[in-house]
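The values are calculated or read from the model by the stated rules, or taken from the named source; none is laboratory data. None of the values given here were measured: they were computed from a predicted structure. Virtual Cβ from ideal backbone geometry, glycine too; neighbours counted across all protein chains shown.
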Amino acid sequence: MISRVVLTALKYLTLIVASVVTLLPLGVVLIASMKSQSEFVTTGPFDFPANVFNIDNFVTAIVRGGMVQGLINTSFIMVVSLTGTILIGTMTAYAIDRFTFRFKNGVLGLFLLATLVPTVTTQVATFQIVNSMGLFNTIWAPIVLFLGTDIISIYIFVQFMSSIPKSLDEAAMLDGANRFTIYWRVIMPLLKPAIATVLIIRGIAIYNEFYIPFLYMPSSDLGVISTSLFRFKGPFGAQWEVIAAGTMVVIVPTLIIFLILQKYIYNGITSGATK
Amino acid sequence: MTTTTTPPSDAPAVAAHPLPNRPAWSGRGRGGRDRKLTPWLFLAVPLILLGVFTYLPAGNLIYYSLTDWDGFGASPKVFVGLQNYGKIFTRDDILPVFLVSLYYIGASLVQMVIALCFATVLSFSTRFRNLFKGILFFPYLINGVAIGFVFLYLFQPGGTLDSALHAFGLDALSKHWLGDPDVVNFSLAGTSVWRYMGLNFVLFLGAIQSIPSELYEAAELDGAGRFQQFRYLILPGIKRIISLSFILAIAGSLAVFEIPYIMTLGANGSMTFVIKTVLLGFGTFHKVGLASAMAVLLLAIVLILTWIQRRIVPDDKVDLS
């Protein structure tokens with residue numbers, strides 16, 4: 001009996017220690033973000049800020065750090081890429097799941113093999129292609145790359161579509177609907193849960209993407225959330241309180257989305273990672 | 001079901017024919033040319049994108065890797081055979097990056113063990129289970145640049161970590177966490193564990209929870225303790241996800257980029273394979289040929305690892321055709 005109690009105590013102790021290890025690094029950054037410059041220099045990282053409503057650093061980070069432009073650019077890239085990804089992913093899945101045609105397995109294999117290609121390294125060659133299209137240093141470079149290399153979404157759609165009964169398609173055909181009508185009017189509405197999954201996991205991935213925008217959009221007015229924060233390293237290099245505020249500005253939206261959509265995020269991550 | 005939507009190409013024909021005379025839509029492989037063409041209409045754009053942004057670069061990569069190209073359009077691409085591949089294993093500045101990968105491989109094993117522990121603990125009824133689950137998972141969602149800054153702040157001299165050690169009277173343990181070549185890779189790999197543990201944890205937890213609860217009840221009736229439940233129920237139930245995570249972890253350890261690049265730019269002995277590739281390909285070195293050879297090598301390793309994983313644990317439920 002006693003060993004049970006000890007085990008339970010041990011269990012909660014480990015969980016609490018793990019939570020502290022996870023939250024402490026974020027907590028000290030939050031504390032730092034609320035301190036004035038002189039306060040930051042004279043106090044320790046665990047000392048509470050004198051004024052928790054001090055938003056000066058946040059104003060500096062957002063206004064002088066170019067984070068507004070970053071947010072606008074990230075939003076634009078996200079809306080266009082996600083719309084495109086859903087259209088492309090559902091069309092591919094529809095063709096693969098609902099038709100029998102020559103080379104079907106070959107096409108499927110091409111998509112599956114592509115999931116294994118690590119995109120960071122192939123950029124040496126991809127860069128030449130994007131550059132030759134004249135897209136370098138434009139907002140369209142990340143968009144075409146997100147569209148062109150997002151195979152996980154296709155995979156999720158194919159899996160989900162195979163669970164939609166084919167009798168629905170056949171009923172619509174008997175009503176005289178053609179294939180495009182069926183795709184748009186029958187399949188698309190039924191794919192809503194899969195679309196939600198893709199929106200969530202791709203949305204988070206695009207919000208967090210650093211390398212592609214860093215490489216393809218060096219121009220200062222083409223910063224996205226990640227790259228505009230990364231550029232804090234230069235001008236604010238010595239001002240940790242401003243960097244801390246910028247970091248918080250990037251993390252808070254993720255936290256809010258996570259709190260609202262927890263269940264969907266867990267499901268999406270599971271179906272996306274176990275491809 | 002409305003049939004009055006935008007009528008692409010064939011809709012009028014459908015309306016004109018009574019259905020029995022027009023079996024092309026329902027029959028398999030009985031249709032005419034349009035029937036055969038339809039799937040390709042759906043696939044045209046996706047396949048073009050796939051070709052242009054995945055397979056064309058992969059092909060070019062192999063081609064560049066056999067030349068001494070410097071990356072400028074006008075420069076000649078002189079064929080040098082496998083020379084670039086030889087350089088990967090002989091150049092003094094490339095060889096150490098393989099050793100750095102070992103730190104991350106080690107870290108990812110630690111990460112999987114920790115994840116497995118917490119997944120097992122939280123699969124039993126626990127107070128505030130969702131809260132703990134959320135806390136442990138959340139770092140995985142955070143922007144990589146933000147994580148880089150959070151840990152730069154934590155590790156800086158006199159920063160959070162040093163202060164915490166000081167508070168416990170452990171000043172002697174303080175180190176130049178990111179400046180000392182003997183320490184930096186532990187710091188960075190530790191950051192990587194902090195970032196990715198939550199993913200493994202949630203995947204493991206999901207797999208454990210999909211084991212039917214009757215099995216646990218039966219096991220308890222048979223007098224199986226917690227450890228035996230773990231050994232004979234949980235472990236076999238999550239074998240597949242463990243092997244998958246293992247392969248992803250090793251492939252990921254070779255392809256580490258964001259954390260060390262953002263935090264140290266590969267300085268002080270923290271250079272990784274991918275940072276080196278990126279610097280050679282895009283930096284001031286203009287060694288596109290050599291960088292391509294490194295990319296091809298990484299690609300080959302990832303493909304081989306995946307092939308091994310598929311051989312060891314066959315995909316049972318993933319059957320797309």
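Brief remarks on what is shown
- In segment B:141-174, the qualifying residues are those that are aromatic (Phe, Trp, Tyr) and buried (at least 23 other Cβ atoms within 10 Å of the Cβ), and the one that is farthest from the other protein chains (Cβ to nearest Cβ) is B:PHE155.
- Among the candidates A:LEU23, A:LEU113, the residue that is at the interface with another protein chain (Cβ under 9 Å from one of its Cβ atoms), surrounded by fewer than 15 Cβ atoms within 10 Å (Cβ to Cβ), in contact with a helix residue (DSSP H, G or I) (Cβ under 9 Å, 6 or more places away or on another chain) and not small (Gly, Ala, Ser) is uniquely A:LEU23.
- Residue match in segment A:119-127 (condition: in a loop (DSSP other than H, G, I, E, B), facing chain B (nearest Cβ under 9 Å) and under 18 Å from the mean Cα position of the chain (by Cα)): no
- Top-ranked residue of segment B:194-219 - restricted to ones that are surrounded by 12 or more Cβ atoms within 10 Å (Cβ to Cβ) and more than 14 Å from every other protein chain (Cβ to nearest Cβ), ranked as modelled with the lowest pLDDT: B:TYR216
Table: residues versus (1) free of Cβ contacts under 8 Å to residues at least 60 places away in the same chain; (2) under 21 Å from the mean Cα position of the chain (by Cα); (3) on the phi < 0 side of the Ramachandran plot.
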position	(1), (2), (3)
A:ARG231	no, yes, yes
A:GLN239	no, no, yes
A:LEU255	yes, yes, yes
A:ILE265	no, yes, yes
A:SER271	no, yes, yes
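- Among residues of segment A:207-217 being assigned to a helix (DSSP H, G or I) and surrounded by fewer than 23 Cβ atoms within 10 Å (Cβ to Cβ), the one that is nearest to the other protein chains (Cβ to nearest Cβ) is A:ASN208.
- Qualifying positions in segment A:218-248 - within 18 Å of A:SER36 (Cβ to Cβ), more than 9 Å from every other protein chain (Cβ to nearest Cβ) and in a helix (DSSP H, G or I): A:GLU241, A:VAL242, A:ALA245
- Counting only helices (runs of 4 or more DSSP H) that sit wholly inside segment B:100-218, those with at least 3 residues that are touching a residue at least 24 places away in the same chain (Cβ under 8 Å) are B:129-137, B:144-155, B:184-209.
- Counted residues, segment B:116-161 - those being of a type in the set (S, T, N, Q) and modelled with pLDDT of 95 or more: 1
- Boolean, B:PRO260 is outside any loop (DSSP other than H, G, I, E, B) and touching a residue at least 24 places away in the same chain (Cβ under 8 Å): yes
Results for (1) more than 23 Å from B:PHE257 (Cβ to Cβ); (2) modelled with pLDDT of 90 or more, shown as yes or no for each residue.
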site: A:PHE99; (1), (2): yes, no
site: A:GLY134; (1), (2): yes, yes
site: A:PHE146; (1), (2): no, yes
site: A:SER153; (1), (2): no, no
site: A:ILE156; (1), (2): yes, no
site: A:SER162; (1), (2): yes, no
site: A:LEU168; (1), (2): yes, no
site: A:ASP175; (1), (2): yes, no
site: A:TYR183; (1), (2): yes, yes
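- The listed residues are A:ASN57, A:ASN51, and the only one of them that is more than 26 Å from A:ILE212 (Cβ to Cβ), part of a helix (DSSP H, G or I) and not aliphatic (A, V, I, L, M) turns out to be A:ASN57.
- Of all the listed residues (A:TYR94, A:TYR183), the sole one being in contact with a Phe, Trp or Tyr (Cβ under 7 Å, 6 or more places away or on another chain), crowded, with 23+ Cβ neighbours inside 10 Å and not in a loop (DSSP other than H, G, I, E, B) is A:TYR94.
- Per the conditions (1) out of contact with any Leu (no Cβ under 7 Å at 6 or more places or on another chain); (2) more than 7 Å from chain A (Cβ to nearest Cβ), the sole criterion not satisfied by B:VAL80 is (1).
- Tally of residues being among the hydroxyl-bearing types (Ser, Thr, Tyr) and crowded, with 22+ Cβ neighbours inside 10 Å across segment A:156-180: 0
- Taken over segment A:148-193, residues that are closer than 30 Å to B:THR54 by Cα, among the basic types (Lys, Arg) and within 7 Å of another protein chain (Cβ to nearest Cβ) amount to 1.
- Scanning segment A:144-194 for residues that are among the acidic types (Asp, Glu) and in contact (Cβ under 8 Å) with a residue 60 or more places away in the chain returns A:ASP150, A:ASP169.
- Residues in segment A:26-46 that are touching a helix residue (DSSP H, G or I) at 6+ places or on another chain (Cβ under 7 Å), surrounded by fewer than 18 Cβ atoms within 10 Å (Cβ to Cβ) and free of Cβ contacts under 8 Å to residues at least 24 places away in the same chain: 2 in all.
- Residue selected from segment B:25-49 under the condition at pLDDT below 65 and assigned to a helix (DSSP H, G or I), by the criterion nearest to the other protein chains (Cβ to nearest Cβ): B:TRP25
- Total residues in segment B:257-287, condition over 17 Å from B:LEU95 (Cβ atoms), buried (at least 17 other Cβ atoms within 10 Å of the Cβ) and among the aliphatic types (A, V, I, L, M): 4
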